Amino acid sequence: MNSTAANVPIAFASDAVAPVFSLLGNSPAMQSVRAQISKLARSAVPVAIHGESGSGKELAARDIHALSARSKEAFVAVNCGAVPDNLMESEFFGVRRGAFTGATEDRVGFFQAAHQGTLFLDEIADLPLAMQVKLLRVIQEGKVRKLGSAREEPVDVRILCATHRPLAQAVQDRGFRQDLFYRLNVIELSLPPLRERREDIPLLCDALLGRQAKHGGLSRLNAAALAALQAYDFPGNVRELGNILERAAAFASNGLIDVSDLQLGSSLAFPLPDAAQESDFGEGDQQAVAAGTASLTARVRAFERKLIIDALSKARFRRTRAAEHLGISLRQLRYRMQRLDIHEPD
């Protein structure tokens with residue numbers, strides 16, 4: 001089973017620490033998270049993991065699984081936003097041979113693959129409402145039916161899910177079923193963003209550079225570069241830190257990374273505006289565009305805004321789908337939505 005969500009660029013743990021965790025950090029915030037994970041691993045109840053993009057939600061799920069009684073069984077990670085609508089039922093529940101043209105053999109779905117293990121559903125809020133109904137039934141009954149089969153199969157799966165925004169907000173926005181919310185949100189685990197645990201940055205840098213050294217020469221940060229990283233807000237969290245260090249190592253001279261090698265002001269780092277910052281497209285721009293007196297820059301922004309709104313509407317405001325349609329990353333889409341003052345409908 002290929003994981004569609006396993007793209008977090010760090011999975012290190014110290015052999016000197018028992019139990020071993022994938023999530024690194026000695027900050028009070030991370031110590032608290034690991035203490036919660038240790039307790040959550042003892043039970044089999046569903047856990048909803050919240051955190052910004054790149055904060056390590058899948059790593060937290062893997063830690064829960066690794067410390068649980070299910071650790072010797074499969075851990076199956078699925079990005080719900082990356083599964084096409086027309087394939088969801090077959091991907092989740094499996095297919096019986098002959099169910100449709102091209103189904104030449106029986107195939108298991110995510111639930112069967114995770115039997116007696118853990119199923120991690122990333123970006124769970126991106127599931128279509130019709131699929132949410134089917135997922136709820138499987139959770140309630142503990143059985144799945146392959147596409148094209150009349151027989152139900154029992155499955156024993158612990159479900160962990162993750163979102164970049166609280167599920168309660170998705171319920172309030174009517175994009176997520178309340179009954180499914182109560183089934184999945186039994187316990188919440190919140191991961192702090194990297195900017196709230198800056199003291200962990202040196203440790204993370206050592207681990208990430210050590211990982212990169214396995215594929216090339218060893219690089220290290222000078223004092224100025226490390227200070228610059230600790231002052232940076234990291235909108236992309238640990239994933240962005242890994243990308244920055246990988247790029248910096250390629251530019252570094254003699255393996256020593258300087259501030260200029262980090263390119264923290266580069267568009268490659270995708271810096272995001274502060275949440276309180278005003279958008280680039282305001283009411284004045286809208287009026288100017290309507291009146292035909294807008295500047296070229298304002299017209300370009302208006303055109304970009306329309307393209308994004310159209311893509312979001314076609315995707316029923318599922319951001320992952322809209323980003324794929326536009327050919328940009330999910331993080332870039334969120335940035336543009338904020339910059340262009342685009343919000344989900346009430």
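The values are calculated or read from the model by the stated rules, or taken from the named source; none is laboratory data. Not measured: the values here are computed from a predicted model. When we count neighbours, we look across all protein chains shown, and the Cβ atoms used for this are built from the backbone with ideal geometry, even at glycine. To get the accessible areas, we keep the full protein, side chains included, count just its heavy atoms, and leave off ligands, DNA and RNA. Shrake-Rupley method; radii C 1.70, N 1.55, O 1.52, S 1.80 Å.
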Quiz item: Among the residues of the stretch 61-74, is there at least one that is within 30 Å of Leu208 (Cβ to Cβ), surrounded by 16 or more Cβ atoms within 10 Å (Cβ to Cβ), modelled with pLDDT of 95 or more and touching an Asp or Glu at 6+ places or on another chain (Cβ under 6 Å)?
Solution: no
If we ask which residues in the stretch 129-155 are open to solvent by less than 30 Å² (accessible area, probe 1.4 Å) and farther than 28 Å from Arg318 by Cα, their number turns out to be 2
Per the filter on the stretch 114-152, residues touching a residue at least 40 places away in the same chain (Cβ under 8 Å) and in a loop (DSSP other than H, G, I, E, B) are Ala114, His115, Gln116, Gly117, Glu123, Leu127, Pro128, Lys146, Gly148, Ser149
Scanning the stretch 27-50 residue by residue, those buried (at least 21 other Cβ atoms within 10 Å of the Cβ) and outside any helix (DSSP H, G or I) turn out to be Val47, Ala48, Ile49
Q. Yes or no: Asn86 without any contact (Cβ under 8 Å) to a residue 24 or more places away in the chain, within 21 Å of Gln112 (Cα to Cα) and open to solvent by 10 Å² or more (accessible area, probe 1.4 Å)?
A. yes
Reported set for the stretch 305-330 where residues are charged (D, E, K, R) and surrounded by fewer than 20 Cβ atoms within 10 Å (Cβ to Cβ) is Lys306, Asp310, Lys314, Arg316, Glu324
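Based on this model, can you work out whether Asp274 counts as at pLDDT below 55, in contact with an Asp or Glu (Cβ under 9 Å, 6 or more places away or on another chain), buried (at least 16 other Cβ atoms within 10 Å of the Cβ) and outside any helix (DSSP H, G or I)?
Working: at pLDDT below 55: yes; in contact with an Asp or Glu (Cβ under 9 Å, 6 or more places away or on another chain): yes; buried (at least 16 other Cβ atoms within 10 Å of the Cβ): no; outside any helix (DSSP H, G or I): yes.
When the stated conditions are applied, Asp274 does not pass them.
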*asked:* Here is a check on your reading of the model: is Ser253 at pLDDT below 85 and either closer than 14 Å to Arg211 by Cα or not aliphatic (A, V, I, L, M) (or both)?
replied: yes
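Going by what's in this entry, would Ser55 be described as under 29 Å from Glu324 (Cβ atoms), among the small types (Gly, Ala, Ser), open to solvent by less than 60 Å² (accessible area, probe 1.4 Å) and in a loop (DSSP other than H, G, I, E, B)? Show your work before the answer.
Numbers: under 29 Å from Glu324 (Cβ atoms): yes; among the small types (Gly, Ala, Ser): yes; open to solvent by less than 60 Å² (accessible area, probe 1.4 Å): yes; in a loop (DSSP other than H, G, I, E, B): yes.
The answer is yes for Ser55.
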ask   = Restricting attention to the stretch 218-241, does a residue exist that is open to solvent by 30 Å² or more (accessible area, probe 1.4 Å), in contact with a Gly (Cβ under 6 Å, 6 or more places away or on another chain) and closer than 19 Å to Gln263 by Cβ?
value = yes
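Name the single residue, out of those in the stretch 238-263 being among the hydrophobic types (A, V, I, L, M, F, W, C) and not in a helix (DSSP H, G or I), that is farthest from Glu199 (Cα to Cα).
As a first pass, look at the stretch 238-263 and keep what is among the hydrophobic types (A, V, I, L, M, F, W, C): 238, 241, 244-245, 248-252, 256-257, 259, 262.
Among the residues that remain, those that are also not in a helix (DSSP H, G or I) are: 252, 256-257.
Values: Ala252: 24, Leu256: 21, Ile257: 19 Å.
That would be Ala252.
Touching an Asp or Glu at 6+ places or on another chain (Cβ under 6 Å), under 20 Å from Gly54 (Cα atoms) and not hydroxyl-bearing (Ser, Thr, Tyr): which single residue out of Ala228, Ala248 fits that description? It would help to see each step written out before you state the result.
On the way: Ala228 fails: touching an Asp or Glu at 6+ places or on another chain (Cβ under 6 Å).
So the residue among Ala228, Ala248 that is touching an Asp or Glu at 6+ places or on another chain (Cβ under 6 Å), under 20 Å from Gly54 (Cα atoms) and not hydroxyl-bearing (Ser, Thr, Tyr) is Ala248.
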Restricting attention to the stretch 170-227, the residues that are without any contact (Cβ under 8 Å) to a residue 60 or more places away in the chain and part of a loop (DSSP other than H, G, I, E, B) number exactly 10
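Among Phe93, Phe120, Phe111, which is among the aromatic types (Phe, Trp, Tyr) and touching a Gly at 6+ places or on another chain (Cβ under 6 Å)? It would help to see each step written out before you state the result.
On the way: Phe120 fails: touching a Gly at 6+ places or on another chain (Cβ under 6 Å); Phe111 fails: touching a Gly at 6+ places or on another chain (Cβ under 6 Å).
Just a single option satisfies the conditions, and that option is Phe93.
Can His65 be described as out of contact with any helix residue (DSSP H, G or I) (no Cβ under 7 Å at 6 or more places or on another chain), part of a loop (DSSP other than H, G, I, E, B) and not hydrophobic (A, V, I, L, M, F, W, C)? Give the steps one after another, and end with the answer.
Numbers: out of contact with any helix residue (DSSP H, G or I) (no Cβ under 7 Å at 6 or more places or on another chain): yes; part of a loop (DSSP other than H, G, I, E, B): no; not hydrophobic (A, V, I, L, M, F, W, C): yes.
So His65 fails the test.
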Inspect the stretch 190-209 for any residue being open to solvent by 60 Å² or more (accessible area, probe 1.4 Å), closer than 23 Å to Ala61 by Cβ and small (Gly, Ala, Ser) and give the result as yes or no. yes
Within the stretch 107-142, the residues that are over 23 Å from the mean Cα position of the chain (by Cα) and within 22 Å of Ser43 (Cβ to Cβ) are His115, Gln116, Val138, Gln140, Glu141, Gly142
